[in-house]
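The next block holds one structure in the form of structure tokens; read it before the comments.
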Amino acid sequence: MAGSDDLVERARERFAQARDAAALENAKAGFLGRQGAVTAMLRGLAALDPARKRTEGARINALKREVEALLEQRRAELAQVELDHRLAAETLDVTLPGRGRGRGGIHPVIQAWQRVEAIFRSIGFDVADGPEIENDWTNFTALNNPENHPARSMQDTFYVDLNDAQGLPLVLRTHTSPMQVRYARMNTPPIKVIAPGRTYRVDNDATHSPMFHQVEGLWIAEDISFADLKGVYTDFLRAFFETDALSVRFRSSFFPFTEPSAEIDMMFTSGPNRGRWLEISGSGQVHPVVVRNFGLDPEQYVGFAFGSGLERLAMLRYGVDDLRPFFEGDLRFLSQFNR
Ligand code: PHE
């Protein structure tokens, strides 16, 4: 067929002239499309006798493959050109300012926790940590809450559907006081420790959350009295709130594990929150039954314990009057404590 040999040359030329992918697809149509030259040649085969059909057919198919190969080659060239263009155009301006990095902060309750730790460490207290899933002997019984005693219902808790290795029922600890027992049984007097941590109760309103934080304090030796409790705790509050303008009172109360027991109230005597008594902590002289459960002789060893709410301390320090935002994770609230 006339002209079929330079068909490949024509294709090469037309493809080379195409400056972009769209132009190349147009050029392709002139050869391989429904109206294209190669397609027309293939159609012409129908009129030939079988012998010529075979030889012509083979020749045209070889031609077609050549044109297809040229097309592929030009496609690759154009893609490379396009890429070179983009690389040249999209330069990186290293002088532009960065996107900036969000910086995390420390939760206000944990900030209170850290302050408490620093203050008590500075006066020689050890800091201890213990399990949040506690056995009910350590959480209640060892602390002089006899089984079935109504005082247990002062602290309604979450029971865990498991027993520990000794077969004791497990609960989410209702206070940090079991740490008194754990720590005292593992150390020898003088015992001087705080134990901050998470605690749990079946409670949920503006001032109670089912999970909250306490810090336990325990000082046991041969000569530690209620007067020491008053002195240590008052000094702690002055350090924590960074002011001497506060009064402290010990109001008679009841806890099974202390005798006598007291609620500690404080009142700012200046500033915007002055003049209101605020309950801040439970406390008392450790009950002789509890000292015995420490493995110590209550005739020899005496001392005090307290258990304070860390949320309460954080709320007073930062002037927050609702407990709930502490646990909602709203950054507009939380970021105010990290400037
Ligand atoms: N554990 C008590 C509570 O959670 C507080 C407390 C601790 C009271 C130590 C006295 C001594 O209510």
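Per-structure values
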| read-out | value |
| --- | --- |
| Unmet criterion (only one of (1) touching a residue at least 40 places away in the same chain (Cβ under 8 Å); (2) exposed (fewer than 13 other Cβ atoms within 10 Å of the Cβ)) for Arg12 | (2) |
| Test result for Glu263, closer than 19 Å to Asp235 by Cβ and among the acidic types (Asp, Glu) | yes |
| Answer residue from the stretch 95-112, given it is hydrophobic (A, V, I, L, M, F, W, C) and assigned to a loop (DSSP other than H, G, I, E, B) and is modelled with the highest pLDDT among those | Ile106 |
| Residue count, the stretch 227-255 (criterion: within 12 Å of the ligand (Cβ to nearest atom) and assigned to a helix (DSSP H, G or I)) | 2 |
| Unmet criterion (only one of (1) within 36 Å of the chain's Cα centre (by Cα); (2) surrounded by fewer than 19 Cβ atoms within 10 Å (Cβ to Cβ); (3) farther than 20 Å from Thr176 by Cα) for Leu246 | (2) |
| Selected residue [at pLDDT below 90, part of a helix (DSSP H, G or I) and surrounded by 10 or more Cβ atoms within 10 Å (Cβ to Cβ)] from Asp6, Asp84 | Asp6 |
| Residues satisfying the stated conditions in the stretch 299-335, i.e. within 16 Å of the ligand (Cβ to nearest atom) and either more than 23 Å from Pro260 (Cα to Cα) or not hydroxyl-bearing (Ser, Thr, Tyr) (or both) | Val302, Gly303, Phe304, Ala305, Phe306, Gly307, Gly309, Leu310, Glu311, Arg312, Leu313, Leu323 |
| Number of the condition not met by Asp161 [criteria: (1) under 29 Å from Pro325 (Cα atoms); (2) assigned to a strand (DSSP E or B); (3) not aliphatic (A, V, I, L, M)] | (1) |
| Selection count where residues are more than 9 Å from the ligand (Cβ to nearest atom) and closer than 22 Å to Glu222 by Cβ, scope the stretch 259-284 | 2 |
| Odd one out for Gly102 among (1) loosely packed, with under 15 Cβ neighbours inside 10 Å; (2) within 15 Å of Asn293 (Cβ to Cβ) | (2) |
| The lone exception for Pro272 - which of (1) modelled with pLDDT under 95; (2) in contact with a helix residue (DSSP H, G or I) (Cβ under 9 Å, 6 or more places away or on another chain) it fails | (2) |
| Which numbered condition Arg292 fails, given (1) under 17 Å from Val181 (Cα atoms); (2) in contact (Cβ under 8 Å) with a residue 12 or more places away in the chain | (2) |
| Looking only at the stretch 161-189, and only at residues there that are over 14 Å from Thr138 (Cα atoms) and exposed (fewer than 15 other Cβ atoms within 10 Å of the Cβ), the one that is nearest to the ligand (Cβ to nearest atom) | Thr188 |
| Residue check, Val67 farther than 30 Å from Arg332 by Cβ, at pLDDT 90 or above and either surrounded by 13 or more Cβ atoms within 10 Å (Cβ to Cβ) or not assigned by TED's automatic domain parsing to the domain that holds Lys192 (or both) | yes |
| Pair list, Cβ under 8 Å, 6 or more apart: the stretch 175-190 residue over 16 Å from Pro288 (Cα atoms), other residue polar (S, T, N, Q) | His175/Asn139; His175/Gln155; His175/Thr199; His175/Gln214; Thr176/Thr199; Thr176/Gln214; Arg182/Thr138 |
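The values are calculated or read from the model by the stated rules, or taken from the named source; none is laboratory data. These numbers were taken from a predicted model, which means no experiment stands behind them. Quick reminder, even Gly has a Cβ in these numbers, built from the backbone with ideal geometry, and neighbours come from all protein chains shown.
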